[in-house]
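The values are calculated or read from the model by the stated rules, or taken from the named source; none is laboratory data. Just so you know, these numbers come straight off a predicted model, no measurement behind them. No Cβ is skipped: glycine too gets one built from the backbone with ideal geometry, and neighbour counts run over all protein chains shown.
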Amino acid sequence: MSRIVYVNGEYLPEEEAKISIFDRGFLFADGVYEVSTILDGKLVDNAGHLARLQRSLAELDIPAPCSMEEIETIQHTLIERNAIAAGSIYLQVTRGAEDRNFLWSEGLKPSLIMFTQSRGAKMDKVAEKGLDVISQPDIRWQRRDIKTVALLPASLAKRKAIAEGANDAWLVEDGMITEGTSNNAHIITKDGKLVTRALSNKILHGITRKAVLALAKEAGLTVEERSFSPDEVKNAAEAFVTSATMFVTPVVSFDGVKIGDGKPGPHTTRLRDLYVSFAKKSLS
Ligand code: PDD
């Protein structure tokens, strides 16, 4: 059975789903997206993702293609029709299609597409082992707080990391870490503080980051929202990433230097457990 996807009002087998070659998402990366995780056939912290979708759309002046309630209905229909118990759902809104022109016409009809991806136990294995991360220059634009589909710099950095035998890259700008290619970056200092970059236009305002910082504070950890350097990563006790798909995943080496003892640390493991419990409670 082929996967059923959603395109502009229709549920179709993926081979039959079509978008115009003039879609501005395709020609100009003029679109935004969200990824929500599916657990037990339900969505993790989905309200946060839909709130961020609305913010991304507003920042780019793209009208919402439909109400957020309708988006939720489509998400649930796709989960059901594809019988996904664990995985993710991707949704993308673009400004719409018209003959190529840098200046778009007002009143374009936005495009909405969605598809599910199922996942096996691979992510749990990654969490047990931890990630090897390298640094890469952050060559992205200056509005990283908007979740746009312009992901080529992130793809290039990830490819470089894999080519060098690592799993992912943390991006560096002006001597400081911004974030991972598709996740937020965090360290635990040797004196037990969680340090993570403060929110600004320099990073995506991660939905998982927000939940994990709240859980960390509840658990009595001191949280410092400030920039940190590659040297601080190498000298940290622990490091980890957060994202909708990776939850809390340990980072065990950075630019070839072991972090702590080179194994997932106790704070990271605890935060992952706390987040998994939170995720289960947040299902909708
Ligand atoms: N990426 N930073 C970047 C650049 C991201 O692309 C993501 C998410 C995050 C984490 O955000 P959240 O916790 O809301 O997932 C941070 C998704 C998972 C992706 O592109 O597949």
> Among the residues of region 68-101 satisfying the criterion of being in a loop (DSSP other than H, G, I, E, B) and within 16 Å of S2 (Cα to Cα), which is farthest from the ligand (Cβ to nearest atom)?
Replying inline: A83
>> Within region 78-101, take every residue that is touching a residue at least 60 places away in the same chain (Cβ under 8 Å) and among the charged types (D, E, K, R) and give me the one that is surrounded by the fewest Cβ atoms within 10 Å (Cβ to Cβ).
In response: D99
> Counting only residues that are of a type in the set (S, T, Y) and within 16 Å of the ligand (Cβ to nearest atom), which one in region 249-283 is nearest to G130 (Cα to Cα)?
Replying inline: T249
> Can you name every residue in region 229-248 that is within 16 Å of the ligand (Cβ to nearest atom), in a loop (DSSP other than H, G, I, E, B) and of a type in the set (A, V, I, L, M, F, W, C)?
Replying inline: A244, M246
> Among the residues of region 163-204, which ones are surrounded by 13 or more Cβ atoms within 10 Å (Cβ to Cβ), within 22 Å of V126 (Cα to Cα) and more than 16 Å from the ligand (Cβ to nearest atom)?
Replying inline: E164, A166, I188
> Just checking, which of V257, V223, V248, V212 is closer than 26 Å to A166 by Cβ and free of Cβ contacts under 8 Å to residues at least 40 places away in the same chain?
Replying inline: V257
>> With the requirement that a residue be in contact (Cβ under 8 Å) with a residue 60 or more places away in the chain and either under 30 Å from M1 (Cβ atoms) or within 16 Å of the ligand (Cβ to nearest atom) (or both), what does region 102-111 give you?
In response: S111
> In this structure, is L271 surrounded by 23 or more Cβ atoms within 10 Å (Cβ to Cβ) and at pLDDT 95 or above?
Replying inline: yes
